[in-house]
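As C-alpha cells, the structure follows; a few thoughts come after it.
The values are calculated or read from the model by the stated rules, or taken from the named source; none is laboratory data. Predicted model only: the values in this text are computed from it and were never measured. So basically every Cβ, Gly included, is an ideal-geometry build from the backbone, and we count neighbours across all protein chains shown. Keep in mind that these areas ignore ligands, DNA and RNA; they rest on the heavy atoms of the full protein, side chains included. Shrake-Rupley method; radii C 1.70, N 1.55, O 1.52, S 1.80 Å.
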Amino acid sequence: MSKKLHIKKGDTVFVNAGDDRGKTGKVLEVMTAKSRAIVEGVNLVSKHTKPNAKHPQGGIVKQEAGIHLSNLQLVDPSKGGPTRIGRRLNNSGKLVRFAKKSGEEIK
C-alpha cells in the first residue's frame, strides 16, 4: 500500500528549501517509493547524452531532477501563497484535500 501524499501530479507547488527556494512550478511526476517529485523548471541538472533520435547532436542537456516532498508546499488556489494541506469529507461524502490557510477545497 502506498503512502498518502499531500502533492499530486499537476499541482502547483512552492519550493521552501534548497537551491531553488522560493520558486514555484507544476508537478510533472510524483515518485511515491522515493518520496520525491519532479517539478517543472526546478532542480535542473546537466545530463550528458549520446547522440540519439531526440538529440541528434548529443551533448549536455538540462533536465529536472527529483526534489524531496518535504521541501514542497502546495500553492493555495485562492490566496496564491504556500499552504499546508488537510483532508476532510465534503458534502457528497468524498474525502477531499483542502488548503489550511483559506479553507478552500483543492480540485
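Some observations on this one:
- Karplus-derived 3J(HN,Hα), 6.51/-1.76/1.60, for each residue of region 67-83, Hz, glycine and proline x: 10, 5, 4, 5, 9, 10, 10, 5, 8, 4, x, 9, 8, x, x, x, 9
- Of Lys4/Lys26; Lys34/Lys94; Lys23/Lys47; Lys9/Lys62; Lys9/Lys101; Lys8/Lys54, pairs whose Cα-Cα distance is over 25 Å: Lys34/Lys94; Lys8/Lys54
- Portion, in percent, of the accessible area of region 68-107 that falls on carbon or sulfur, probe 1.4 Å: 47
- The residues of the chain have, on average, 69 Å² of accessible surface per residue, using a 1.4 Å probe with all protein chains present.
- Amide H partners (placed H, <5 Å) of Asp11, local residues excluded: Val27
- Highest mean packing first, where packing is the average number of other Cβ atoms within 10 Å per residue, the peptides 86-92, 25-31 line up as 25-31, 86-92.
- Here's how it looks for Val39: its modeled amide H is under 5 Å from those of Leu28, Ile67, which are all 5 or more places away or on a different chain.
- In this simple spin-label approximation, Leu5 and Lys26 carry label points 7 Å from Cα along the Cα→Cβ vector, and these lie 1.7 nm apart.
- Radius 15 Å from Cβ of Val61, net charge of other residues (Lys, Arg +1; Asp, Glu -1): +3
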